[in-house]
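*Asks:* Take this structure first; my questions come after.
The values are calculated or read from the model by the stated rules, or taken from the named source; none is laboratory data. No experiment lies behind these values; they were computed from the predicted model shown. Glycine also receives a Cβ, built like all others from the backbone with ideal geometry; neighbour counts cover every protein chain displayed. Each accessible area value is taken on the protein alone, full model and side chains, heavy atoms only, with ligands, DNA and RNA left out. Shrake-Rupley method; radii C 1.70, N 1.55, O 1.52, S 1.80 Å.
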Amino acid sequence: MNKVSIIIPVYNAQEYIKKCVESFLIGTYQNIEILLINDGSTDSSLEVIRELEEKYPEKIIVYSQENCGVAKTRNKGIIYATGKYIVFADNDDYVDNDYVERLVKEIEKEDYDYIVSSFRRVDKRGKILYQKKYKDESWTYYMFETPWAKIFKREFLIENEIKYMDVPVGEDIYFSICANWKSDKKKVIPYVGYNWLYNEASVSNTIHKEHSKNNVQNLTKLLKKILAMYESYKEKVDEKDLRYFLLKTLIWYSLYTAKGSNVEQLYNNYKELKSLCDESLSDLYQGVSLFRPRGESLKVRFIIKTVVMLDKVKLLKTVLKLYARI
């Protein structure tokens, strides 16, 4: 039974971290180490995880540091880990009893580099808000970018220097694309065992609102790094998938940050970022369709197709202004 290292960055999670940790402790797979890395919490999170470490010293290792962000924290976790496999979790989520066992069984079937599983979205009472079951298709690796609901072979991450990018937005996007492009042995499974908590105060729900408004510099940095890496992987990367993914990222950024933003500047940023992508991938709008990629929701495909059409007829800026007022 190979050891699994579970990496959990901890930041102001005093209300949730115990449930998160104990969901792994009571699981059916017991050869685990849980690395709890306190990232400068200002509440009592450190005290809570120290108590857990004292109670379960054979399973839990606590690290504490000044706040440096989730990307650097996860990267440190990869270095600290001693298990053959690595699993990431957010500090307010929790997993089903058989979660680790199922992922280990899957990754060991064909000695995969990593496995992507599925998840459910839950509220604080445990009510299921929705559930995602992914299919093993090329687009899934672009559609599902989070670090959790996956298991990685640690050796694969280390040897390929796969790290989270230190930016406020998109650190997991870069990590996910690196893993995707650098692996020829990966698989998507429909198993659902990860519970993603809908928590307004969590990092995943607030970090973008705090940092992304007019933060085009970070998105530019991310896109440039992805496009530079693409030059080395053109032979194996489906350009249609990449083009659609980058367009989806730009549209998400624009719509998410439109409310309360300077729409004129936001539109200019969008056009500049699109031009940046066009330089490497010809026209980013090329091939946009309501019927692809397979696996993407009809809602998302409709939004992207609509934005492209609006921009082509010179109405996107006007619609963004109306959208920002809603």
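*Asks:* Looking only at segment 171-221, which residues are β-branched (Val, Ile, Thr) and either over 25 Å from Leu273 (Cβ atoms) or at pLDDT 65 or above (or both)?
*Replies:* Ile173, Ile177, Val188, Ile189, Val192, Val216, Thr220 - these are the residues of segment 171-221 that are β-branched (Val, Ile, Thr) and either over 25 Å from Leu273 (Cβ atoms) or at pLDDT 65 or above (or both).
*Asks:* Against the definition (part of a loop (DSSP other than H, G, I, E, B), at pLDDT 95 or above, touching an Asp or Glu at 6+ places or on another chain (Cβ under 9 Å) and open to solvent by 10 Å² or more (accessible area, probe 1.4 Å)), how does Thr28 come out, yes or no? Can you show your working first?
*Replies:* Values: part of a loop (DSSP other than H, G, I, E, B): yes; at pLDDT 95 or above: yes; touching an Asp or Glu at 6+ places or on another chain (Cβ under 9 Å): yes; open to solvent by 10 Å² or more (accessible area, probe 1.4 Å): yes.
Against the criterion (part of a loop (DSSP other than H, G, I, E, B), at pLDDT 95 or above, touching an Asp or Glu at 6+ places or on another chain (Cβ under 9 Å) and open to solvent by 10 Å² or more (accessible area, probe 1.4 Å)), Thr28 qualifies.
*Asks:* Ok, one more. Restricting attention to segment 153-193, which residues are out of contact with any Asp or Glu (no Cβ under 7 Å at 6 or more places or on another chain), among the hydroxyl-bearing types (Ser, Thr, Tyr) and under 16 Å from Ser117 (Cβ atoms)?
*Replies:* Answer for segment 153-193, where residues must be out of contact with any Asp or Glu (no Cβ under 7 Å at 6 or more places or on another chain), among the hydroxyl-bearing types (Ser, Thr, Tyr) and under 16 Å from Ser117 (Cβ atoms): just Tyr191.
*Asks:* Would you point out which residue out of Thr140, Thr146 is open to solvent by 10 Å² or more (accessible area, probe 1.4 Å) and closer than 23 Å to Met229 by Cβ?
*Replies:* So the residue among Thr140, Thr146 that is open to solvent by 10 Å² or more (accessible area, probe 1.4 Å) and closer than 23 Å to Met229 by Cβ is Thr146.
*Asks:* Let me ask something else. Kindly indicate whether any position in segment 95-102 is part of a helix (DSSP H, G or I), hydrophobic (A, V, I, L, M, F, W, C), closer than 17 Å to Pro190 by Cα and open to solvent by less than 20 Å² (accessible area, probe 1.4 Å).
*Replies:* Yes - at least one qualifying residue is present in segment 95-102.
*Asks:* When you go through (1) open to solvent by 20 Å² or more (accessible area, probe 1.4 Å); (2) assigned to a loop (DSSP other than H, G, I, E, B) one by one for Leu284, which number turns out not to apply?
*Replies:* (1)
*Asks:* Of all residues in segment 33-61, which are part of a strand (DSSP E or B), open to solvent by less than 50 Å² (accessible area, probe 1.4 Å) and under 29 Å from Tyr112 (Cα atoms)?
*Replies:* Scanning segment 33-61 gives Glu33, Ile34, Leu35, Leu36, Ile37, Ile60.
*Asks:* Among the candidates Val62, Val104, which residue alone is in contact (Cβ under 8 Å) with a residue 60 or more places away in the chain and β-branched (Val, Ile, Thr)?
*Replies:* The conditions single out Val104.
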